[in-house]
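Take a look at the structure set out below.
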Amino acid sequence: MNVAFVIYDGVTLLDFAGMYDPITRLKREKFLPDLQWDVCAMQDSIADGENLVISSTQVKKPLNHYDIVLVPGARIKFIDTLIVNKQFLTWLNTASSVKLLGSVCTGSILLGAAGMLTNATATTHPNHLQTLKKYCDKVSTKRIVKSNNVITAGGVTSAIDLGLYLCEYLANKTARSHIEKLMDYNNV
């Protein structure tokens, strides 16, 4: 199973890391020993919203050969720039045929702007539900929403919830429980 974590200038680091950490533990903990992943971007490295530089492992490569493509969000000023960036949206849209798409926070707006939320229900950060509304069939205020082949998550901290949700979805409840304990995660 191959996973693409999409990054771009301005990305919210916790949106990315909150998914990345639990999902990559699936391999380390031998729940999915064949799991592979790449950090994909339009350039060799990006700077998050606070100028922390992150290197990508794949640059400008089409995303259609991955099984799962995950898109973190960013502050809306970065999203507003990307939703009118035809080169970025065309690249992101190369993921339209993958088995499973996922996003955190305003990453769902990017999926929508790339045309991948048609006939789907989705969520995003509560402050941006109105923006998301123009890109999908229905907007939800739930923390995690699965609709067709797309799983979207709410605001930034829901990235961890999405990562753990995917641990169970891709492996099983035992994997999720084990990884939650390793992470000292307490979702009360």
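Read the figures in this text as sums done on the coordinates, not as results from a lab. Bear in mind the structure is a predicted one, so any value in this text is a computation, not a measurement. Virtual Cβ from ideal backbone geometry, glycine too; neighbours counted across all protein chains shown.
Summary of values
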| read-out | value |
| --- | --- |
| Helical segments meeting 20 Å axial Cα length and Kyte-Doolittle -1.0 threshold in the chain (DSSP H) | 13-28 |
| Above-threshold pairs, the threshold being 24 Å between Cα atoms, out of K30/K142; K27/K173; K146/K173; K27/K86; K30/K61; K30/K181 | K30/K142; K27/K86; K30/K61 |
| Max mean-square fluctuation residue, GNM over the chain, Cα-Cα springs under 10 Å, options G18, G73, G115 | G115 |
| Cβ-placed point charges (K, R +1; D, E -1), dipole of the chain about Cα centre in debye, nearest 20 | 460 debye |
